[in-house]
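S.K.: One structure coming up, written as structure tokens, with questions to follow.
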Amino acid sequence: ASCHMTGNLNLLQEIRTIDSIAIGMPNGMHTLACQEGSATLGERIKIHKVLYVPSLKCNLVSIAKLCKELNCSVTFYDEFCVLQDRTLRTLIGVGEQRG
């Protein structure tokens, strides 16, 4: 994903209306995002400019944007990933594979 996106408006805080952004879906179709907000991952990680895409059936996180926002690195393993501060290498969070 090139942007953080969700199909669940209930996951967003600080929701605002934006100019429509065309979103290419995996099936080749296109839809529009007209709102964005902030979301919390786990208990401590807050991400911004999460697009609300009503027809999306999952949540997508842009790893490139996440790394820039949090100044972190992400290491992927077979069933989980680890987020670490880029400078101090301290643990920021762990993501697990679901579904």
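S.K.: If you check every pair at least six apart or on different chains, which have Cβ atoms under 7 Å apart with a residue in the stretch 14-40 that is on the phi > 0 side of the Ramachandran plot and assigned to a strand (DSSP E or B) first and a residue that is among the polar types (S, T, N, Q) and open to solvent by less than 70 Å² (accessible area, probe 1.4 Å) second?
M.R.: These pairs meet every condition: E14/S38.
S.K.: Name every residue in the stretch 45-97 that is part of a loop (DSSP other than H, G, I, E, B) and closer than 20 Å to C3 by Cα, in order of residue number. So that I can check it myself, show each step before the final result.
M.R.: At the first step, the residues of the stretch 45-97 found to be part of a loop (DSSP other than H, G, I, E, B) are 53-58, 61-62, 71, 77-79, 86-90, 97.
V53, P54, S55, L56, K57, C58, V61, S62, N71, Q97 - these are the residues of the stretch 45-97 that are part of a loop (DSSP other than H, G, I, E, B) and closer than 20 Å to C3 by Cα.
S.K.: When both residues are 6+ apart or on different chains and their Cβ atoms are under 7 Å apart, which pairs have a first residue that lies in the stretch 75-97 and is under 18 Å from K46 (Cβ atoms), and a second that is among the hydrophobic types (A, V, I, L, M, F, W, C) and not in a strand (DSSP E or B)?
M.R.: Qualifying pairs under 7 Å: L83/L70; I92/L70.
The values are calculated or read from the model by the stated rules, or taken from the named source; none is laboratory data. Small disclaimer: the values here were computed from a predicted structure and weren't measured. Quick reminder, even Gly has a Cβ in these numbers, built from the backbone with ideal geometry, and neighbours come from all protein chains shown. When the accessible area is computed, the model is the full protein with side chains, heavy atoms only, and any ligands, DNA or RNA have been set aside. Shrake-Rupley method; radii C 1.70, N 1.55, O 1.52, S 1.80 Å.
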